[in-house]
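One structure is given here, and the rest of the page talks about it.
Taken together, the values in this text are just the output of simple stated rules run on the coordinates, not laboratory data. This one's a predicted model, so the numbers in the text were calculated from it and none came from an experiment. Cβ placement follows ideal geometry from the backbone for every residue including glycine, while neighbour counts extend to all protein chains displayed.
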Amino acid sequence: MSGGRSVEVAFVRQDFDAPPAETTAVRLLWLLRAHLPHGLRVESERIRLRLAVPEVGATTVAGDALTHRACAGWSVED
């Protein structure tokens, strides 16, 4: 990415039956590996992840990853 910029995206747990944050964080790292994820912070109901994507595309990239069934019950925080 030009300039080495990154943006933080927060994922929040929306469903009580969703996988725990730690499990989802590992899955997101794998799904988003092409965007050089770094700066991971995992909380009980929220995952914060820095991605090497332009800010305008971060929500799209993150939302695409959440369509994978392994991330069911999680969404991108507004």
Quiz item: Given the Cα atoms of the chain, and with Rh set as the inverse mean 1/r over their pairs in the Kirkwood sense, what is Rg to Rh to two decimals?
Solution: 0.94
Quiz item: Among the GluC sites (Glu not before Pro) within the chain, which fall in a DSSP loop and have no more than 16 other Cβ atoms within 10 Å of their own Cβ?
Solution: Glu43, Glu45, Glu77
Self-check item: Helix 21-31 axis, angle to the chain major axis (alpha carbon atoms, nearest 10°)
Solution: 40 degrees
Quiz prompt | Amide H contacts of Glu77 (H built 1.01 Å from N, under 5 Å, at least 5 apart or other chain) | solution = Ala10, Phe11, Val12
Quiz item: Picking from His38, Val56, Gln14, whose Cα lies most toward the positive end of the charge dipole for the chain (charges on Cβ: Lys, Arg +1; Asp, Glu -1)?
Solution: His38
Quiz item: If you line up the long axis of helix 55-66 against the longest principal axis of the chain, both from Cα atoms, how many degrees apart are they, to the nearest 10?
Solution: 30 degrees
Practice problem: Would you work out the charge dipole size for the stretch 27-73 about its Cα centre, treating the Cβ of every Lys and Arg as +1 and the Cβ of every Asp and Glu as -1, and quote it to the nearest 20 debye? | Solution: 160 debye
Exercise. Quickly estimate the mean residue ellipticity at 222 nm for the chain, helices only: each DSSP H run with n ≥ 4 gives -39500 (n - 2.57), and the total goes over all residues, rounded to 500.
Key: -9000 deg cm²/dmol
